[in-house]
Each structure stands twice: as structure tokens, then as C-alpha cells.
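Structure, as C-alpha cells:
The values are calculated or read from the model by the stated rules, or taken from the named source; none is laboratory data. Treat the numbers as computed from the prediction; the structure is a model and nothing was measured. Every residue, glycine among them, receives a Cβ derived from its backbone with ideal geometry; neighbour counts consider all protein chains shown.
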């Protein structure tokens, strides 16, 4: 404080320097560990987005695997240790291939249906579409 003509002047607190170093640069929190594709596919957020799109897309219509990843919120991505939706794509692909193995959907690369022996890690993630199988198809095969 300074004395000026017998009056006490109070100066405001010095400006915070945090605007120079945002907390995300010098964060004390540990970064989240990136989930493996097989772990990410079991994440409730990925499962919810995937099943929502599958339930709302009637055959023969398809949806892109990337639409599932793009539907994830930033907070959901962070819980998996990801910063961008592209990082969640291996988990989406693993889930799609697991759903295909059960008989719920088929996977298309371009306009061609991928055969059952192709695995998710063998496929380039660009232009991959998912088509839900007709309900009668999987119900019949389930009871046979």
C-alpha cells in the first residue's frame, strides 16, 4: 500500500499470469491412458452411439463407422484417453466386427460386403459402412 496525501491507496491484486500458461499445459492431473481398441469397444458411450445408429438405420440403408466416433462428446473421448474422434475409430471398428460375428450387421468397404474372415485391423477405416441385417435374418439364425 502506498501513502498519498494522507490517504491509503490500495492496489488491486496483481494480474494473474494463468492466461499465459493455461492449466491444460501445466496440469497436475495425470493424462488418461489410451484405451486399446478391444477395451474401447466395450465403452458404454461407443456402445450407445453404435446401437442408436444401428436401431435408427433401416436396411438397406447404411451408416458410416466414423459417424459413431463423431457422435462422441469431448468428455466421452477424454474418459477413454482420446482427444479426437479419429482415435476412437479402432474401438468402433472392433465393435462393428464383433456385431457382425454375432449376425447383427454386415460391414461394407465402399459398396462391397466384407467376408467373414476379414478382421477389423486388416481394414482401412476410410469409407467403411455398416448395415443392420433384416430382423428376420438374425432371429431365424439365432433359433436354428
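Some values worked out for this structure:
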quantity: Some residue of the stretch 27-44 being in a helix (DSSP H, G or I), touching a helix residue (DSSP H, G or I) at 6+ places or on another chain (Cβ under 8 Å), modelled with pLDDT of 95 or more and within 30 Å of residue 134 (Cβ to Cβ); calculated: no
quantity: Sole residue being surrounded by 18 or more Cβ atoms within 10 Å (Cβ to Cβ) and in contact with a strand residue (DSSP E or B) (Cβ under 6 Å, 6 or more places away or on another chain), chosen from 65, 40, 45; calculated: 65
quantity: Elements of type helices (runs of 4 or more DSSP H) in the stretch 53-144, at least 1 residues being without any contact (Cβ under 8 Å) to a residue 12 or more places away in the chain, over 23 Å from residue 35 (Cβ atoms) and more than 10 Å from the chain's Cα centre (by Cα); calculated: 135-143
quantity: Residue check, residue 100 surrounded by fewer than 19 Cβ atoms within 10 Å (Cβ to Cβ) and on the phi < 0 side of the Ramachandran plot; calculated: no
